[in-house]
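So the structure is just underneath, and the comments pick up after that.
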Amino acid sequence: MEPNPDRVARPWGDRTPYPAGGTWPARTDTHLAEGLGPDDVDRWTKAASVLHSNGDAMDVAVRDGRIVGVRGRAADRVNHGRLGPKDLFGWQACHAPDRLTRPLVREQGRLVPCSWDTAMDRIVTRTRDLLPGPGPEAIGFYTSGQLFLEEYYTLAVIARGGLGTPHLDGNTRLCTATAAESLKESFGSDGQPGSFTDVDHADTLALFGHNVSETQPVLWMRILDRLAGPDPPRLVCVDPRPTAAAARADVHLAPRPGTNLALLNALLHETVRTGRVDRAYLRTHTVGFEELADRVAPCTPEWAADICDVPARDIVRAAELLGGARRLVSTVLQGVYQSHQATAAAVQVNNLHLLRGMLGRPGCGVLQMNGQPSAQNTRECGADGDLPGFRNWQNPDHVRELAGIWNVDPERIPHDGPPTHAMEIFRLAGEGGIGLLWISGTNPAVSLPELARIRGILGREGLVTVVQDLFLTETARLADVVLPAATWGEKTGVITNADRTVHLCERAVDPPGLARPDLDVFLDYARRMDFRDRAGAPLVSWHDAESAFEAWKRCSAGRPCDYTGLSHHRLRGAASGIQWPCDAEHPDGTERLYTDGFTWAHPDACESYGKDLATGDPHDADDYRALNPEGRAVIRSAAYEPPREEPDAAYPLRLTTGRTLYHFHTRTKTGRAPQLSAAAPEVWVELSAGEAAVRGLAEGDLVEVATRRGALRGRLRVTAIRDGVVFVPFHYGYWDTPGGTGGGDAPGRAANETTATDWDPVSKQPLFKTAAARLTLVERGDGRPSPAPTTTASAPLDPTVPPTTGGPAARAGQRS
Ligand SMILES: Nc1nc2c(c(=O)[nH]1)N[C@H]1C(S)=C(S)[C@@H](COP(=O)(O)OP(=O)(O)OC[C@H]3O[C@@H](n4cnc5c(=O)[nH]c(N)nc54)[C@H](O)[C@@H]3O)O[C@H]1N2
Ligand SMILES: Nc1nc2c(c(=O)[nH]1)N[C@H]1C(S)=C(S)[C@@H](COP(=O)(O)OP(=O)(O)OC[C@H]3O[C@@H](n4cnc5c(=O)[nH]c(N)nc54)[C@H](O)[C@@H]3O)O[C@H]1N2
Ligand SMILES: [Mo]
C-alpha cells in the first residue's frame, strides 16, 4: 500500500480485497495541513462527512483553535477509516478569508453590515406585519439537506406548530424527494430498507442512474474491494455516461436520458417471463403483482431497445444477471430521480426486489439513495413538507398525536392539503403569495432550474428574502437580510446517512466573527416571536443541540425512525455510528428493515396512502385500506411516457447535468479548497466523438449549449458518453469563488440557465436530467484541453490530454 498517494490522481486509493461475507478491512485515510504531523494536533473531535450522503466517520484535527485536518475512523461501520477526496481536502473552506462574519441588511439597495439584533428585528417585524393580514401562508421556508437534525426539527416546530404555515420544504425536493416518495409508495413509509453492509454479501450489484464512484467514493471503494476479492459480485450499471462503475460492469446499459421506466419495465417483463419470481414471498408480503404482470407483458426487450436505444440482447443479459442473483443489491439515484417519470421508475426497482423476494436479508437490499449528508433528517423531521416522524398528513390520528406532542391545537398544524413543494413555494414567492422567504443552507440562485426566472423571483419587489449561509453566495447577493452561519466543525448536531446510520458531529472550533449555528438562529427567532403552546408555555422549550435532540426523541417514539435509544452522550462515546430505529427493543440499532413483513404499510401506520404514479394525485384512506388492508408492500406499476421535451430539428441533443468527483454542488466549500478547485477549475461540456465529428468539433473548443430557456459556454471534452447526449456539470455558478479562476462575475456558465421549470408529478422533483439542447462552436480551442478531470466519467478519448494530478499538496496518508 502506497503510504501517501496523491488522492486527486488516485481518488480511491489502494485496494484491500475481501471475500463475500467477510469483513471489509480497515484503511485509515488522513490529511493534515502542510508541515503538520499527528503529534502537532492538540485534539481530535468526532464528525462525519457533510459533502455527500455516505456518512463517512472522521475525526477533525484541531490546533491552536483551528481545524488543521481530518482522519477517517477505522472502527466505524460505514467507512472503516476511508475518506474520499472532497472530505480529505474540503475542510479548508471553514477558514476561507471570505466567510460571512456579520449579519447584513439591505439599505437603499445595498447590503450593509449590522448587529444580530437589527437583522433579527427585521425578520420578526416582517413576520408580525404579515401574520394578521395575509396570515401564516405569506411566510415560506426553504431549507437544506446539509444542516443538523436538531436544526430541522426546531424549524419544523416553528413553521408548523408556531406559525402554522404549510410552506416549508427543503432542497431535498431537488435531491431525494423521489427516494422518499418511492419508499412511501412501495413500503408505506420512508426509511431505507437496506444497509451498506449488504455490499459485503451481495453476489450481484445494480446501479440505476448512480455515479457512485464519484458521488459516494467510499461506497465505491467498498465495491472495488469486493471486485478485487475472491468471489466478486456481478455488476450491472445503467448510465448514459462512461462512469468508473460502467467501465467495471458486466453489463453497461447506456440508455437515452429519460427512458428509465421503459428499461425497467422490460427488465421486469423478463423477470416474469422467465419465472424468476418468488411466488411465496409475493403471496405473503405484497399486493398488486397481477396488475404489474399485465402491465409489463407487452414490454419486451425489443420494445425497450427501440425506446432506450440499447441493444435488446444487453437488456436480456442484464435481466439474466438480476434474475440469477441470490443476493441482489440495487442502488438508485439522480439519473432516475431527476426525470419526468422519476417515482414511477424508482418504484420499479423496489418491485424488482419484491418480485424476487430480495429484501431484509444480508446481501438483499434496495438503496433508494440519498444525496445530501442529512437529507434523511430533513425528511424525518418534517422540514421537507411531510409531517415530523413520517406521520401521515391525511390521517387525523397522526395529526392529533403530533399536536399532542407539541401541545397545540391540531388545527394549528396545516394538513388540509398536500404540503407545499419547493417549486410551488418559489411560484408563490414570484406571484406575491409569499412575502417572507427564509432560505437556509442552500443556494437556489445556482441550483434551481431556469435561473433567469429564479433571479427574477428572488429580486422581486415586495418579497423579503432572508439567506442564512457561510458565504455571500449568488443567492445571498439577492437577499434583504443575510445571516452568517456557523457550519460543520463549528457547531454540534446529528446527521443520519443514506443507510440510517446516525453520527454526532461535534463543535471543534469557534465560528468566525459573529457567525452562529443555525440552531441558535432558529431558537432566537422562536424566542423573539414568543410562540406558546396550549398551556401558555414556550412551544420551543429547548435551548441547545442536546436538548433539541431530546425533544426530537419524543416526537420520533414509536415511529419507523425511532431515536429513543440514542442520545448525544451515547453517540459521543460510541466507536461507530448507530442505525435507526434504535429503541428499547433494538438497543444497538437496526441493520435492515423489513426482515419480516411491512408493518409500516398498514393503513393505520403508513406515512402515505400513495399517489397515482401517472398524475401524482394522492389516494385517500379508503382507497388505500381497500387495496392494502393488512399492510403489505404495494407493487405499483406504470406505463412509459416519453420525456415532455424531446429533441427536434432546432434542439437536436439531449442535455443531462450532474456532478464531478471533486466538487460539491455550487462549490461554496470545494471551490475554496485548493486541491479540489485545481482538479476541476472551470465548467466544461461533454460530447461523444461521433457527435463532435458531425459538428467538426474537437477537444478544447469553446462551445455554447442552448435550450429554450438559456445558454452557457464551456470548453468541449470528447468522451465515451453515448451519442445524442450532451453533459454539463452544474457546479459552476455565475459568481466565481476566490479559489476559482479569479473572482467576480462569470456569467453564462451555470447549467441551470438551461434547465426547465418542470417536475415529476409524484415526488415534485425537478427535471435536471432531460432537456432538448443545441450545441454550437463559439471559438476554436487554442490547443489546451478542456478543464474537465481525466480521472472520472469525464475521461478524454484523446490520449494526449495530460492526466489530472494533485501534486504534493494532494498527498494523503493511507494506512491499513
Ligand atoms: N462529488 C460529489 N459527490 C456528491 C455530490 C456532489 O455534488 N459532488 N452531491 C451529493 C448529492 S446532494 C447527490 S443528490 C448525489 C447525486 O449522486 P448521483 O446521482 O450519482 O450524481 P449525478 O451526477 O447527479 O447523476 C448520476 C448519473 O446519472 C446519469 N444519468 C443522467 N441521465 C440519466 C438517465 O436518464 N438515466 C440513467 N439511468 N442515468 C442517467 C449521469 O450520467 C450520472 O452519471 O451525490 C452526492 N455526492
Ligand atoms: N442542473 C442541476 N441542478 C441541480 C442538480 C443537478 O444534478 N443538476 N442537483 C440538485 C441536487 S440533488 C441538489 S442536492 C441541489 C444542491 O443545491 P444547493 O443546496 O443549492 O447547493 P450547495 O452549494 O450545497 O448549497 C448549500 C449552501 O449552504 C451553505 N452551507 C453549508 N453548510 C451550512 C451550514 O451549516 N449552515 C448554513 N446556513 N449554510 C450552510 C453553503 O455555503 C451553500 O451556499 O442542487 C440541485 N440542482
Ligand atoms: Mo442532492
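The values are calculated or read from the model by the stated rules, or taken from the named source; none is laboratory data. Everything quoted here is computed from the prediction, not taken from an experiment. Cβ: placed from backbone, ideal geometry, glycine included. Neighbour counts: every protein chain shown.
Given the structure, is Pro674 modelled with pLDDT of 95 or more, within 30 Å of Cys606 (Cβ to Cβ) and away from ligand 1 (no atom under 14 Å from the Cβ)? When the stated conditions are applied, Pro674 does not pass them. Can you tell me which residues in the stretch 191-224 are in contact with an Asp or Glu (Cβ under 8 Å, 6 or more places away or on another chain), within 16 Å of ligand 3 (Cβ to nearest atom) and not polar (S, T, N, Q)? If the condition is that a residue be in contact with an Asp or Glu (Cβ under 8 Å, 6 or more places away or on another chain), within 16 Å of ligand 3 (Cβ to nearest atom) and not polar (S, T, N, Q), then Gly209, His210 are the ones that fit.
The listed residues are Phe522, Phe531, Phe549, and the only one of them that is surrounded by fewer than 20 Cβ atoms within 10 Å (Cβ to Cβ), more than 16 Å from ligand 3 (Cβ to nearest atom) and of a type in the set (Phe, Trp, Tyr) turns out to be Phe531.
Looking for whichever is assigned to a loop (DSSP other than H, G, I, E, B) and surrounded by 18 or more Cβ atoms within 10 Å (Cβ to Cβ) here; the options are Asp87, Asp14, Asp59, Asp76. Which one fits? Answer to the check: Asp76. Do we find a residue being assigned by TED's automatic domain parsing to the domain that holds Gln334, over 26 Å from the mean Cα position of the chain (by Cα) and at pLDDT 95 or above anywhere in the stretch 190-206? Yes, because at least one residue in the stretch 190-206 is assigned by TED's automatic domain parsing to the domain that holds Gln334, over 26 Å from the mean Cα position of the chain (by Cα) and at pLDDT 95 or above. For Glu214, work out the one condition from (1) buried (at least 24 other Cβ atoms within 10 Å of the Cβ); (2) assigned to a loop (DSSP other than H, G, I, E, B); (3) charged (D, E, K, R) it doesn't fulfil. Glu214 satisfies all of (1) buried (at least 24 other Cβ atoms within 10 Å of the Cβ); (2) assigned to a loop (DSSP other than H, G, I, E, B); (3) charged (D, E, K, R) except (2). When Arg122, Arg82, Arg106 are screened for being modelled with pLDDT of 95 or more, in a strand (DSSP E or B) and either touching a Pro at 6+ places or on another chain (Cβ under 6 Å) or within 30 Å of Thr442 (Cβ to Cβ) (or both), only Arg106 passes.
Would you pick out the residues in the stretch 718-732 that are in a strand (DSSP E or B) and more than 14 Å from Thr657 (Cα to Cα)?
Correct list: Val718, Thr719.
On the given criteria, is Gly365 over 30 Å from Ala548 (Cα atoms) and more than 12 Å from ligand 2 (Cβ to nearest atom)? Yes: the conditions hold for Gly365. Take the conditions (1) modelled with pLDDT of 95 or more; (2) surrounded by fewer than 22 Cβ atoms within 10 Å (Cβ to Cβ); (3) of a type in the set (Asp, Glu); (4) within 16 Å of ligand 2 (Cβ to nearest atom); Asp736 misses just one of them, which is (1). Taking into account only those residues within the stretch 647-696 that are in a helix (DSSP H, G or I), small (Gly, Ala, Ser) and crowded, with 18+ Cβ neighbours inside 10 Å, which is nearest to the chain's Cα centre (by Cα)? So, considering only residues that are in a helix (DSSP H, G or I), small (Gly, Ala, Ser) and crowded, with 18+ Cβ neighbours inside 10 Å, the one nearest to the chain's Cα centre (by Cα) is Gly671. Selection of the stretch 530-575 for residues being hydrophobic (A, V, I, L, M, F, W, C) and more than 18 Å from Tyr152 (Cα to Cα) yields Ala535, Ala537, Leu571, Ala574, Ala575.
The set of residues in the stretch 70-128 being within 16 Å of ligand 1 (Cβ to nearest atom) and either farther than 28 Å from Arg43 by Cα or free of Cβ contacts under 8 Å to residues at least 40 places away in the same chain (or both) consists of Asp87 alone. Any residue at all in the stretch 658-676 that is in the same structural domain as Phe730 (by TED's automatic domain parsing) and touching a strand residue (DSSP E or B) at 6+ places or on another chain (Cβ under 6 Å)? Scanning the stretch 658-676, I find at least one residue that is in the same structural domain as Phe730 (by TED's automatic domain parsing) and touching a strand residue (DSSP E or B) at 6+ places or on another chain (Cβ under 6 Å), so the answer is yes. If you go through the stretch 528-543 and keep only what is in contact (Cβ under 8 Å) with a residue 12 or more places away in the chain and closer than 23 Å to Thr118 by Cα, you end up with Arg528, Met529, Phe531, Val540, His543.
This table checks each residue for (1) crowded, with 24+ Cβ neighbours inside 10 Å; (2) in the same structural domain as Asn54 (by TED's automatic domain parsing); (3) touching a Ser or Thr at 6+ places or on another chain (Cβ under 9 Å); (4) assigned to a loop (DSSP other than H, G, I, E, B).
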residue	(1), (2), (3), (4)
Val408	no, no, no, yes
Glu411	no, no, no, no
Met423	no, no, yes, no
Gly433	no, no, no, yes
Thr442	yes, no, yes, yes
Gly456	no, no, no, no
Gly462	no, no, no, yes
Val467	yes, no, yes, no
Ile495	yes, no, yes, no
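Condition check ((1) at positive phi; (2) polar (S, T, N, Q)) across all residues:
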residue	(1), (2)
Gly81	yes, no
Lys86	no, no
Cys94	no, no
Val105	no, no
Leu111	no, no
Arg122	no, no
Thr125	no, yes
Pro136	no, no
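Restricting attention to the stretch 141-165, the residues being within 13 Å of ligand 2 (Cβ to nearest atom) and in contact with an Asp or Glu (Cβ under 7 Å, 6 or more places away or on another chain) number 3.
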